[in-house]
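My questions will all concern the structure given below.
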Amino acid sequence: MKKLLVTSFTATLLIITGCNQQGSEELRAGNHGSKGLAQEREKEMLVLKDEEEEKEQEEQEEQETEDEAVEEEEESENNDEVTEESVAAKKTEEENENSDSTEKQADEKEEKTEQKEPEEEKQEEVEAEPEPEPEPTYESIYHNRGAFAVDGSTGATVHNGSGNFTIEASLNNIQTLSTGPVMVQLKSASKVSGDVTEQSLAGVAGDYVEYIQLDAVVTNTSSDPITFHIDNTRFESGGQTFYAHEMFSGAGKGYGDLQPYTEHHITLIYMIDSMNLKDIYSIYGVTDAPVNQNTGAKVGDAVNFNFSFSGA
């Protein structure tokens with residue numbers, strides 16, 4: 001019995017021992033499997049971690065890419081906005097310049113129009129005025145000067161077919177007279193003395209003569225014929241009155257017919273018989289009044305004048 005008990009105990013112990021060994025082996029095996037599993041899980045976790053890190057890195061890179069794209073887009077938009085603002089500003093400036101230019105052109109046009117209007121008005125006024133008549137052309141008529149006419153300055157001696165003469169005193173460009181349409185230019189006046197050698201003249205005037213020579217230009221400025229006898233001009237000096245000599249004053253009387261727009265070159269000779277030539281210092285003269293030949297009416301007044309030989 002005791003042997004059976006021992007045997008049973010031993011068997012039980014062996015069984016327990018085997019179970020313990022088996023459990024230890026299983027535990028070892030389980031530990032080994034757990035360790036492998038842990039390693040596998042660790043590897044998986046590492047892989048997952050790497051994948052997550054890679055994913056995070058990719059997401060970060062994508063985010064950075066997106067951020068860069070957003071920044072570029074924003075920068076582009078900003079550039080576009082700046083460009084649009086620049087374009088708008090330039091366009092506004094151009095519009096302002098065009099507006100200023102247009103306003104300036106309008107002002108200039110208006111100013112030119114204002115300037116043009118008076119010119120046009122002035123032109124209309126000028127056109128409204130009658131056109132001036134063309135300047136008339138004057139005809140010069142030279143009358144016979146007479147046998148005693150001489151030319152020269154004070155103290156000159158003149159020898160001609162009539163005789164030998166000395167110019168005692170001479171005045172030039174004395175004055176111009178005007179009455180109505182008639183102008184009388186007193187060109188020269190001379191006191192002359194001399195010996196007459198031409199017998200026909202000496203028989204009338206004598207062998208020795210003293211006289212005053214007057215050279216004048218008489219002009220009719222009108223379109224009508226005028227009667228004006230310059231040869232009727234009278235001289236007065238020292239209480240004496242002198243008249244132009246009809247024979248020695250060229251063709252004598254007949255200078256009075258003045259046709260329109262004609263100038264007559266005339267020489268008058270005043271013979272001095274009643275006093276000495278050297279005693280004549282001043283000359284007072286008076287003309288006739290001009291008369292219109294068409295109407296017979298006077299068209300001016302008689303003209304008085306005077307000149308002096310003193311100092312000549």
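Take segment 283-312 and flag every residue that is modelled with pLDDT under 95 and surrounded by fewer than 17 Cβ atoms within 10 Å (Cβ to Cβ).
310, 311 - these are the residues of segment 283-312 that are modelled with pLDDT under 95 and surrounded by fewer than 17 Cβ atoms within 10 Å (Cβ to Cβ).
To continue, here is another question. What tally of residues in segment 169-205 results from selecting those that are over 18 Å from residue 244 (Cβ atoms) and free of Cβ contacts under 8 Å to residues at least 60 places away in the same chain?
Matching residues across segment 169-205 total 13.
Any chance segment 224-239 includes a residue that's modelled with pLDDT under 95 and small (Gly, Ala, Ser)?
Within segment 224-239 (the criterion being modelled with pLDDT under 95 and small (Gly, Ala, Ser)), the answer is yes, since at least one residue qualifies.
Can you go through 235, 248 and tell me which one is open to solvent by less than 20 Å² (accessible area, probe 1.4 Å), touching a residue at least 60 places away in the same chain (Cβ under 8 Å) and either closer than 23 Å to residue 276 by Cβ or not β-branched (Val, Ile, Thr) (or both)?
Values: 235 fails: touching a residue at least 60 places away in the same chain (Cβ under 8 Å).
Sole residue among the options that is open to solvent by less than 20 Å² (accessible area, probe 1.4 Å), touching a residue at least 60 places away in the same chain (Cβ under 8 Å) and either closer than 23 Å to residue 276 by Cβ or not β-branched (Val, Ile, Thr) (or both): 248.
Next question, about the same structure. Please enumerate the residues belonging to segment 206-215 that are open to solvent by 30 Å² or more (accessible area, probe 1.4 Å) and touching a residue at least 24 places away in the same chain (Cβ under 8 Å). Steps first, answer last, please.
Step one: filter segment 206-215 for residues open to solvent by 30 Å² or more (accessible area, probe 1.4 Å), giving 207-208, 210.
Result: 210, single match.
Determine if segment 184-197 includes at least one residue that is within 30 Å of residue 136 (Cβ to Cβ), part of a loop (DSSP other than H, G, I, E, B) and small (Gly, Ala, Ser). Walk me through how you get there before you give the answer.
Residues of segment 184-197 that are within 30 Å of residue 136 (Cβ to Cβ), as a first pass: 184-189.
Next, only the ones that are part of a loop (DSSP other than H, G, I, E, B) stay: none.
Scanning segment 184-197 turns up no residue that is within 30 Å of residue 136 (Cβ to Cβ), part of a loop (DSSP other than H, G, I, E, B) and small (Gly, Ala, Ser).
Just to be sure I understand, how many residues within segment 134-167 are under 59 Å from the mean Cα position of the chain (by Cα) and part of a strand (DSSP E or B)? Explain how you work it out, then say what you get.
Within segment 134-167, the subset under 59 Å from the mean Cα position of the chain (by Cα) is 134-146, 149-156, 167.
Keeping just the survivors that are part of a strand (DSSP E or B) gives 139-142, 167.
Qualifying residue count for the region: 5.
The values are calculated or read from the model by the stated rules, or taken from the named source; none is laboratory data. Just so you know, these numbers come straight off a predicted model, no measurement behind them. Don't worry about glycine lacking a Cβ; one is built from the backbone with ideal geometry, like all the others, and counts go over all protein chains shown. The accessibility values were calculated without ligands, DNA or RNA, using every heavy atom of the protein model including side chains. Shrake-Rupley method; radii C 1.70, N 1.55, O 1.52, S 1.80 Å.
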